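**Student:** Structure below; questions to follow.
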Amino acid sequence: MSQIEVAQIIEQIKQEITVDSNGQGKASIRATARLADVQDSSLRRALLSAALEPSALAQSLIRQGFSPAALETWNEGIPDMGVAAVIEYYAFDAGRYCKQQARLVCKAFNRIGVRAWMQDIMGWTKPATQPQEQPTTPPLPPVEQRLHTLVLAMKTLAELTGGRLNPYMEQQFKDYAGNLLAEHNRKLLTPSEERWLGVVNFAESELGKKVPINGPHYRGHLGTWVRTFYPQLGDRQETRLVNGVQQPIYVYACHEPAVAAGLTKAIEEFFAHPSPGAALRQAGAFASKKAVVTA
């Protein structure tokens, strides 16, 4: 089975794929089975078993957050996120039933995701929206003022808790203060507009993303995603406080427009992908782990 043959199968099942006005795609059971290289009758039985005695596939889907009741409705069409989960199962998790074709399909979808692929083959485009006026972001107070406010907040918390402040929260305050001072001192020594940020810091402070500490889109995978698929953005490391420990982290020149644009693109791709861990595994990102954290 080659990528050319996979492309032929995709063309054959095109009529069994739909995309709604919100850009969410669906594929028939037959189309999904063709992509995974399994019998559509077997796939249908596996999904319908969810409510009584779930099959291995149904159990895998339930663990990923799909409810048994939802799986029973997939007879009318499998949502794009479900298609991705089914193909990934037959690519890597089905044991002796794993299919080479499913791996090839998974590889083809890895960078853009199943939803974007469905949108592309169906010619879907996002409806034009009226541009909204962006609120003006007020500038941050000077470092000295922020440190003073932080000290007052810690004193108030200590008084309210009788000196029994949560150790984890206290350590977070200390990390923040230490990194704030380090950034302030660096700017004093280097009179420039340079801004070196970790990818998680950039995602949360510049793009307003909430990067979780667990789940498929957790922060460790985000850092690995950037280093794997966008190595051209840089490989500079700095030592910073993370949970009270000085650790090396990757930082990026966010003052450079090309780097900021590259990080933005990488982060958007990461959060749009249904299973970034599988994409990283396919790309060999976990072959050699580096003792560097992401901040």
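The values are calculated or read from the model by the stated rules, or taken from the named source; none is laboratory data. For clarity, every value in this text was computed on a predicted model and none was experimentally measured. All Cβ positions, glycine included, derive from the backbone under ideal geometry; neighbour counts span all protein chains shown. Side chains included, ligands, DNA and RNA excluded: accessible areas come from the protein's heavy atoms. Shrake-Rupley method; radii C 1.70, N 1.55, O 1.52, S 1.80 Å.
**Student:** FRET efficiency for residue 120 and residue 193, Cβ-Cβ distance as r, R0 = 45 Å, nearest 0.05? Don't jump to the answer; show the numbers that get you there.
**Tutor:** Details: r = 39 Å, r/R0 = 0.86.
About 0.70, to the nearest 0.05.
**Student:** Cα extents of the range 243-283 along the three principal axes, largest first, in whole Å?
**Tutor:** Cα extents, longest axis first: 31, 30, 17 Å.
**Student:** If you consider only alpha-carbon coordinates, what radius of gyration and Dmax does the range 188-237 have, in Å?
**Tutor:** 12.9, 40
**Student:** OK, next. At a Förster radius of 30 Å, what calculated FRET efficiency corresponds to the Cβ-Cβ distance of residue 146 and residue 255, to the nearest 0.05? Numbers along the way, then the final one.
**Tutor:** Numbers: r = 20 Å, r/R0 = 0.68.
Efficiency for this residue pair is about 0.90.
**Student:** All other residues with a Cβ under 13 Å from the Cβ of residue 119 taken together, and with Lys, Arg as +1 and Asp, Glu as -1, what is their net charge?
**Tutor:** +1
**Student:** Would you mind getting the Kirkwood hydrodynamic radius of the range 60-125 from its Cα pairs, rounded to one decimal in Å?
**Tutor:** On the way: mean 1/r = 0.0782 Å⁻¹.
Result for the range 60-125 stands at 12.8 Å.
**Student:** Bin width 10 Å, alpha-carbon pairs only: give the P(r) of the range 1-155 as whole percents, running from 0 to the bin holding the largest distance.
**Tutor:** 10, 33, 24, 9, 10, 11, 3
**Student:** Please report, as a whole percent, how much of the solvent-accessible surface of the range 20-133 comes from carbon and sulfur atoms (probe radius 1.4 Å).
**Tutor:** Carbon plus sulfur share of accessible area: 48 percent.
**Student:** Checking the a/c ratio against 1.5 first, then a/b against b/c, what shape does the Cα gyration tensor give for the range 36-96? It would help to have the intermediate numbers written out before the result.
**Tutor:** On the way: a/c = 1.28, a/b = 1.24, b/c = 1.03.
Since a/c stays below 1.5, the shape of the range 36-96 is classed as rounded.
**Student:** Estimate the FRET efficiency between residue 154 and residue 237 by the formula 1/(1 + (r/R0)^6), using the beta-carbon distance for r and 30 Å for R0, to the nearest 0.05. Please list the in-between numbers first.
**Tutor:** On the way: r = 30 Å, r/R0 = 1.00.
It comes out at approximately 0.50.
**Student:** Report the net charge of residues surrounding residue 212, where surrounding means a beta-carbon distance below 15 angstrom and charges are Lys +1, Arg +1, Asp -1, Glu -1. Show your work: numbers first, answer last.
**Tutor:** Working: positive: 209, 210, 219; negative: 204.
Summing Lys and Arg as +1 and Asp and Glu as -1 gives +2.
**Student:** Could you grab the relative contact order for the range 1-62? Cα pairs under 8 Å, six or more apart, rounded to a whole percent. Show your work: numbers first, answer last.
**Tutor:** On the way: 42 pairs, mean separation 11.5, N = 62.
Averaging sequence separation for qualifying contacts and normalising by length gives 19 percent for the range 1-62.
**Student:** In addition: Mind running the shape call on the range 1-55? Use the C-alpha gyration tensor, a ≥ b ≥ c as the square roots of the eigenvalues: rounded below 1.5 for a/c, prolate if a/b tops b/c, oblate otherwise. Can you show the working numbers first?
**Tutor:** Working: a/c = 3.01, a/b = 1.31, b/c = 2.29.
Oblate is the answer for the range 1-55, as a/c is 1.5 or above yet b/c matches or exceeds a/b.
**Student:** Let me ask you something else. Compute the signed sum of charges (Lys and Arg +1, Asp and Glu -1) over the other residues within less than 11 Å, Cβ to Cβ, of residue 199.
**Tutor:** +1
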